[in-house]
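Trainee: Take this structure, written in structure tokens, and hold onto it; I'll ask about it next.
The values are calculated or read from the model by the stated rules, or taken from the named source; none is laboratory data. Values in this document were obtained by computation on a predicted structure and should not be read as measured data. In this analysis, Cβ positions are derived from the backbone assuming ideal geometry, glycine residues included, and neighbour counts consider all displayed protein chains. Please note that ligands, DNA and RNA were not included when accessible areas were found on the heavy atoms of the full protein model with its side chains. Shrake-Rupley method; radii C 1.70, N 1.55, O 1.52, S 1.80 Å.
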Amino acid sequence: MKNAVELSGHLPATGTVAGTAASTDLSTRDRVTQLLLEQGAATAAQVGSALGLSPAAIRRHLDAMLADGDVVAREQTVRGSRGRGRPAKVFLLTDAARVRCGTHHYDNMATAALRWIAGNGGPKAVAAFAADQVAALEARCRAAMEGAGDDPMARAEALAGALTAEGYAANASTIASGGQLCQHHCPVAHVAAEFPQLCEAETAVISRLVGTHVQRLATIAHGDGVCTTHIPAQPGRAQSGRTVTTVRTDR
């Protein structure tokens, strides 16, 4: 039986085939970018598995993204003892790729403004500015969390939903030592890299909204793939006047 091409009497235009292939590649790379934006960092095997791609296919896309400066590769951190062989590489989005995802708007102006505040008012003025900036976010999230109850993890899950609606791509999960809230996007990461008061103010908001003491384990602003906040398991509700602790685990 003759195929459709033979029956039509026409061959597909080479440009059309090439254009379709290029479009498919861009669509796949958009999916890879979105996955890395949400996951923070992932191995080639993890990306391929999540997207249903063969090892050869995902390697081709990641190699192209490496060449284009959209991702960087690092050795995977292995805690404790590990087996023989080289550790797997994990892939992370570059700052340039994050910008194209719509992040880091007006960074230069914001950084200049905070430098002026720091120069004229000192660190306390920067901290006061940061607290004022997150106040509106806290109010919106608190309204969105109405009805979440008193359990810290239930509130963390509600907060993750509220933060996702704000563009933070957040999720909450229960772990052996309590729970954790992960934010896969930070709109002020470049500015916060120089002014950690922004991260500290945000962590204080998370503590108040969750209703218990929390620990910031990692931040995008300091080069981590994801902002991770630990919610320690506690026998009872935290008391008022609780503190917020920032802990780095990558050094």
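Trainee: Here's a check for you: in the range 123-166, which residue that is acidic (Asp, Glu) and not in a loop (DSSP other than H, G, I, E, B) is nearest to Ser177 (Cα to Cα)? Before the answer, list the steps.
Mentor: Taking the range 123-166 as the starting set, the residues that turn out to be acidic (Asp, Glu) are 132, 138, 146, 150-151, 157, 166.
Then drop every residue that is not not in a loop (DSSP other than H, G, I, E, B), which leaves 132, 138, 157.
Numbers: Asp132: 32, Glu138: 26, Glu157: 16 Å.
Top of the filtered list is Glu157.
Trainee: Give the range 157-167 a look and list any residue that's open to solvent by less than 60 Å² (accessible area, probe 1.4 Å) and modelled with pLDDT of 90 or more, or say none.
Mentor: If we filter the range 157-167 for residues that are open to solvent by less than 60 Å² (accessible area, probe 1.4 Å), which is where we start, we get 158-163, 167.
Ala158, Leu159, Ala160, Gly161, Ala162, Leu163 - these are the residues of the range 157-167 that are open to solvent by less than 60 Å² (accessible area, probe 1.4 Å) and modelled with pLDDT of 90 or more.
Trainee: Search the range 123-156 for residues being touching a residue at least 60 places away in the same chain (Cβ under 8 Å) and surrounded by fewer than 13 Cβ atoms within 10 Å (Cβ to Cβ), and hand back the single one that is farthest from Gly211 (Cα to Cα).
Mentor: The residue in question is Pro123.
Trainee: Here's another thing I want to ask about it. Name the residues in the range 173-197 that are at pLDDT below 95 and of a type in the set (A, V, I, L, M), would you?
Mentor: Ile175, Ala176, Val188, Ala189, Val191, Ala192, Ala193
Trainee: I've got another one for you. Checking Thr43 against (1) open to solvent by 60 Å² or more (accessible area, probe 1.4 Å); (2) under 17 Å from Gln76 (Cα atoms), which test does it fail?
Mentor: It is condition (1) that Thr43 fails.
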